[in-house]
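> Have a look at this one.
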């Protein structure tokens, strides 16, 4: 009986003592966090994808609150919706954000692009690029081994029958992870309003491109002639002038001899 | 001389992690970056020294005089849990980056068996106050040493051509085993 009583007393005393010390310490060492950080964190998607350039959503929320504005700070997956919410929390006006999606700038799928060898190594674009540039004769084209599919946290890219990645636009948040993952820099973030795209990335001279791919851009300048405002050609590759909009670029689509300008 | 032997014994010869296999959880969990491993080692060492100090006081001033040695486990766990809470608050206040880097492994120091093992071993070996504190510090140093060696190797491994099936946990466990084997070499440096 006595032992039980003493044990209770000893343990109770110890518990009380440590409770008092911790209670005191929690008051002394309290971390005062700006309540807006928690609010902003709530508004963010919470994906911790790192597309904003910070280590997770909490880091970005802290940066936004510390800066007091959204200048230079973006949440690509959240888009304008999230930015409006954050702006409301901070009591500032949100800048209109351009919604973008990933576009794969290669149309040279199976049967269209010439194969020069058989690649039997690790099924991974980066590895194939390191070995000898993969199986395709075109050194700019898609390797078709799906690094972008693997890296996409939103399941927005899938491999098509033609061994080319296809972006599912509704799922794409323009986080840019696939852009970085692609060893050939084929993927680009294009504003959603721009439907007309040149799906080729080859900087080879026209004659070379023609030999290795049926749908490569040969820099023939016909698109520029058909729609001078809509296109510009540099490094043997045509590019759409995104700022001018689709209307200007559209007339050149049927004119393109290799059909590498498409409306997605 | 006595204290030096206790120190070398606990830090190297009978290293808590590599010879006693205590505290394996953070040893594998927080050993991917040397910087993080060092911080974790420091935090654990701090808790170990304080735990050795406080548990000695409790053991010798409360438990032994009142003949309550069966309360050792319970009371030591209370001490350790409180200390970890305190360290957590302290780190959160002083460095929020470190706080987030350590993450779940910080509160997990509570359930780190190295610390409870330290308190129980010190009680079992009937160390005096100074010896206990030295023992706690040495255990912490040994823990930090093991973590640092591991983290150093793992940083190198990131560049190494590891066969696919060995990547991640398997190669880490193999290295842990090899390190333990290497530390066996210290056995016999000090008798007992």
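The values are calculated or read from the model by the stated rules, or taken from the named source; none is laboratory data. This is a predicted model, so every value here is computed, not measured. For neighbour counting, all protein chains shown are included, and Cβ atoms are generated from backbone atoms with ideal geometry for every residue, glycine included.
> Assess whether residue A:23 counts as being free of Cβ contacts under 8 Å to residues at least 40 places away in the same chain and surrounded by 13 or more Cβ atoms within 10 Å (Cβ to Cβ).
no
> Just wondering, is there one or more residues in region B:94-111 that are away from chain A (no Cβ under 11 Å), crowded, with 22+ Cβ neighbours inside 10 Å, within 12 Å of the chain's Cα centre (by Cα) and in a helix (DSSP H, G or I)?
Among the residues of region B:94-111, at least one is away from chain A (no Cβ under 11 Å), crowded, with 22+ Cβ neighbours inside 10 Å, within 12 Å of the chain's Cα centre (by Cα) and in a helix (DSSP H, G or I), which makes the answer yes.
> Just to confirm my filter: which strands (runs of 3 or more DSSP E) fall fully inside region A:91-172 and include at least 2 residues that are touching a residue at least 12 places away in the same chain (Cβ under 8 Å) and within 22 Å of residue A:48 (Cα to Cα)?
Those strands (runs of 3 or more DSSP E) span A:100-104.
> Would you point out which residue out of B:51, B:37 is away from chain A (no Cβ under 14 Å) and either under 30 Å from residue A:33 (Cα atoms) or under 12 Å from the mean Cα position of the chain (by Cα) (or both)?
B:37
> Moving on to the next point. Using the structure shown, decide if residue B:27 is in contact (Cβ under 8 Å) with a residue 12 or more places away in the chain and in a helix (DSSP H, G or I).
Yes, satisfied.
> Quick one: which residue in B:53, B:61 is in a helix (DSSP H, G or I) and touching a residue at least 60 places away in the same chain (Cβ under 8 Å)?
Within the list B:53, B:61, the selection yields B:53.
Residues are listed down the side, and each one gets a yes or a no for (1) surrounded by fewer than 15 Cβ atoms within 10 Å (Cβ to Cβ); (2) within 14 Å of chain B (Cβ to nearest Cβ); (3) touching a strand residue (DSSP E or B) at 6+ places or on another chain (Cβ under 8 Å):
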| residue | (1), (2), (3) |
| --- | --- |
| A:104 | no, no, yes |
| A:127 | no, yes, no |
| A:136 | no, no, yes |
| A:159 | yes, no, yes |
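> Looking for something within 11 Å of chain A (Cβ to nearest Cβ), more than 15 Å from the chain's Cα centre (by Cα) and touching a residue at least 60 places away in the same chain (Cβ under 8 Å) - is there at least one such residue anywhere in region B:85-92?
There is no residue in region B:85-92 that is within 11 Å of chain A (Cβ to nearest Cβ), more than 15 Å from the chain's Cα centre (by Cα) and touching a residue at least 60 places away in the same chain (Cβ under 8 Å).
> List the helices (runs of 4 or more DSSP H) that sit entirely inside region A:1-85 and contain at least 1 residues that are at pLDDT below 85 and more than 12 Å from chain B (Cβ to nearest Cβ).
The qualifying helices (runs of 4 or more DSSP H) are A:35-43, A:57-67.
> Only one residue in B:138, B:119 is within 14 Å of chain A (Cβ to nearest Cβ), surrounded by 21 or more Cβ atoms within 10 Å (Cβ to Cβ) and within 16 Å of residue B:53 (Cβ to Cβ). Which one?
B:119
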